[in-house]
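Please treat every number below as a calculation from the coordinates, not as lab data. Being a predicted model, the structure only gives us computed values, none of them experimental. For neighbour counting, all protein chains shown are included, and Cβ atoms are generated from backbone atoms with ideal geometry for every residue, glycine included.
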Amino acid sequence: MKAKIRKIAVFVEETQREMDREISPPARKAAAVAVIENPYAGKFVDDLSELMGIGEELGELLTTRALAALGIPGPSAESYGKAAAVGENGELEHAAAILHPKLGTPVRRVLGKGAALIPSSKKRGGLGVVLDIPLGHKDAAFVRSHFDAMEVRLNDAPRANEIMVAIAVTDGGRPIPRVGGLTKDQIKGEDGLR
Amino acid sequence: MKGATCMPDVAVRKRLICVEEIFHEGGRVAAKPLRRAAALAVIRNPFAGSYVADIQGFMDDLKPLGLDMARALVAALGGDAKAVEGYGKGAIVGSAGEIEHGALWHVPGGYAMREVLGGAKAIVASTKKVGGPGTRLDVPITHIQASYVRSHFDAMEVGLNDAPCADEVLLALVMTTGARVHARVGGLKASEIKGEDGLR
């Protein structure tokens, strides 16, 4: 493992009731978060390939952890998202290096499919910074019922020389979707959009 | 339904399970990573909005939820109750409730963890507060057999961005599998526990 991991946290949220209506089955979201050492903290480095490799590792590890926490097989996952927060001695581009070049392939391998772009967010921040991981349907980005987000936060991360990386996976959309748009049973699943 | 007052069943809006696996904190990587888990449940506060004198019956109503949360924690930590060494509990009461409503969690929360862990002697460390959505709670953690075990004094921060709403209570239980990852400030050790009074 290239990544030097200080800690891993896994969150599972289960919404059973919204506005006093029972949600059956409950809407579930899981996020797996790794806090890793930033190999480039405190210096400007042009070639970010080490972080790209770390992104590849974390794509597999965090997706596997999130799926295991939901207790479902990969193809049953409906939406996904990713996010990273870089500690103060790093730069935003470090988050981009982890998230964008290589992380997606193992995510899709673990889930079985995933034609849609994996929605993402990134920021720099201090300990306790909040990550709002954007969520979208994994096979068709336009599925409106699955536009969502999951907030995660660790009070002790990221330290100045660390990066916090998160992947979220769900087994459904928002609890009571009713704003129209493309529905999941209309997905063609060819272009990742519809 | 037990108790003097007639309450609605416990209405759960959402639940959260969080498991942290800590490999190191700047020192040597632990041979066995420390794991800490929190179970949260957001429930409707049946007493929100007015002063109710007799609230004790709700403690019984909370027992099944407490047991379910305690079992979920053991499962999240790998399924073996014997692996659990530390615990704690807490509550955040939404703004239309009072701190006393949070105190209703002491008995069912503590009872549930003792029941599931079997033979835990130490008092369950706890904290509670009134707060709005997004309020964070530092749930204190101590050794399940002996409160004075210094290596196991810890805390886990929990919270949910959308809870508790005014008429809700957020309930929390926490369990850990061991000492702080680089514990080295002395005091009573887990290996020195007598296990008679829950303290040492």
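Computed from backbone phi with θ = phi - 60° and the Karplus coefficients 6.51, -1.76 and 1.60, the 3J(HN,Hα) list for the stretch A:85-95 is 10, 9, x, 5, 8, x, 10, 3, 4, 5, 5 Hz; x is used for glycine and proline.
Peptide B:20-28 is shielded by partner chain Cβ atoms: per residue, an average of 5 of them sit within 10 Å of its Cβ.
According to the square roots a ≥ b ≥ c of the eigenvalues of the Cα gyration tensor, what is the shape class of chain B, taking rounded for a/c under 1.5, prolate for a/b larger than b/c otherwise, and oblate for the remainder? It is prolate, given that a/c is not under 1.5 and a/b is the larger ratio. Over the stretch A:59-168, Cα pairs under 8 Å with separation of 6+ residues give a relative contact order of 37 percent.
Counting neighbouring Cβ atoms within 10 Å and putting the fewest first, the residues B:C18, B:C165 line up as B:C165, B:C18. Here is the P(r) of the protein assembly as shown: all C-alpha pair distances, binned every 20 Å from 0, give 27, 55, 17, 0 in whole percents.
With the Kirkwood sum run over all distinct C-alpha pairs, the stretch A:5-186 has a hydrodynamic radius of 16.4 Å.
Residue pairs exceeding 20 angstrom between C-alpha atoms, taken from B:K14/B:K121; A:K4/A:K102; A:K82/B:K32: B:K14/B:K121; A:K82/B:K32. Shown in residue order for the stretch A:98-113 are the 3J(HN,Hα) couplings computed by the Karplus curve 6.51 cos²θ - 1.76 cosθ + 1.60 at θ = phi - 60°: 6, 7, 9, x, 10, 5, x, 4, x, 4, 5, 5, 5, 7, x, 8 Hz (x for Gly and Pro). Relative to the dominant Cα principal axis of chain A, helix A:49-70 is inclined by about 40°. In sequence order, the stretch B:34-40 has phi-based couplings of 6, 10, 10, 10, 10, 10, 10 Hz under the Karplus curve 6.51 cos²θ - 1.76 cosθ + 1.60, θ = phi - 60°, and Gly or Pro positions carry x. Helix B:57-76 and the longest principal axis of the C-alpha atoms of chain B enclose an angle of approximately 40°. Taking Lys and Arg as +1 and Asp and Glu as -1, the other residues whose beta-carbon sits under 14 Å from that of A:G181 total +3. Computed over chain B, relative contact order equals 26 percent, with contacts defined as Cα pairs under 8 Å that lie 6+ residues apart. Working note: 222 nm ellipticity from helices only, DSSP H runs with n ≥ 4, each -39,500 (n - 2.57), summed and divided by the residues of chain B, gives -6000 deg cm²/dmol to the nearest 500. Alpha carbon centre of the stretch B:55-96 versus the stretch B:140-181: separation in Å? Cα centroid to Cα centroid, the span is 10 Å. Principal-axis analysis of the Cα atoms of chain B puts helix B:106-117 at an angle of about 40° to the longest axis. Loop-located chymotrypsin sites (Phe, Trp or Tyr not before Pro) in the stretch A:17-93 (DSSP state not H, G, I, E or B) with no more than 13 neighbouring Cβ atoms inside 10 Å: A:F44. Each of B:A122, B:V158, B:A112 was scored by the projection of its Cα onto the charge dipole of chain B, and the greatest displacement toward the positive side belongs to B:A122; charges sit on the C-beta of Lys, Arg, Asp and Glu.
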